[in-house]
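The block underneath contains the structure these notes are about, expressed in structure tokens.
Read-outs: derived from the displayed coordinates by stated rules, not from any lab. What you see is a predicted model, and the numbers here were worked out from it, not measured in a lab. Cβ placement follows ideal geometry from the backbone for every residue including glycine, while neighbour counts extend to all protein chains displayed.
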Amino acid sequence: MKGDVILATVSMNSKSQEKVRPAVIMNDSGGKEIELCPVTSRVPKSGAFIPVELYDFESGGLDMFSESYILLSEKKTIRKKDIVCRKGRLSKEFIMEINSRY
């Protein structure tokens, strides 16, 4: 569901290998695939992103000690079977903020 934070097998770009990383579901049309944006703990040097902190979660969360970043410019489409687990859900207010920037 849109706004769910998951762990999924994705690659950040064509040069990197796939690995399990956190991501935010941006679109789920009900089929076999979803659109997501990866989450990183490193400050992005380029592209659109939005910071996320623990208080931005409605439930659950990520194991983070500081701010992380949703990489809006790195949107990916993956198969649902590549989802490892669900980690939480972002608040409705934060999802609306993402939608305004996405």
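Here are the numbers:
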read-out: Unmet criterion (only one of (1) exposed (fewer than 14 other Cβ atoms within 10 Å of the Cβ); (2) over 20 Å from SER100 (Cα atoms); (3) touching a strand residue (DSSP E or B) at 6+ places or on another chain (Cβ under 7 Å)) for MET1; value: (2)
read-out: The stretch 1-59 - residue that is of a type in the set (S, T, N, Q) and in a strand (DSSP E or B) and, of those, farthest from LYS75 (Cα to Cα); value: SER59
read-out: Complete set of residues in the stretch 61-102 that are surrounded by 17 or more Cβ atoms within 10 Å (Cβ to Cβ) and of a type in the set (Phe, Trp, Tyr); value: TYR69, PHE94
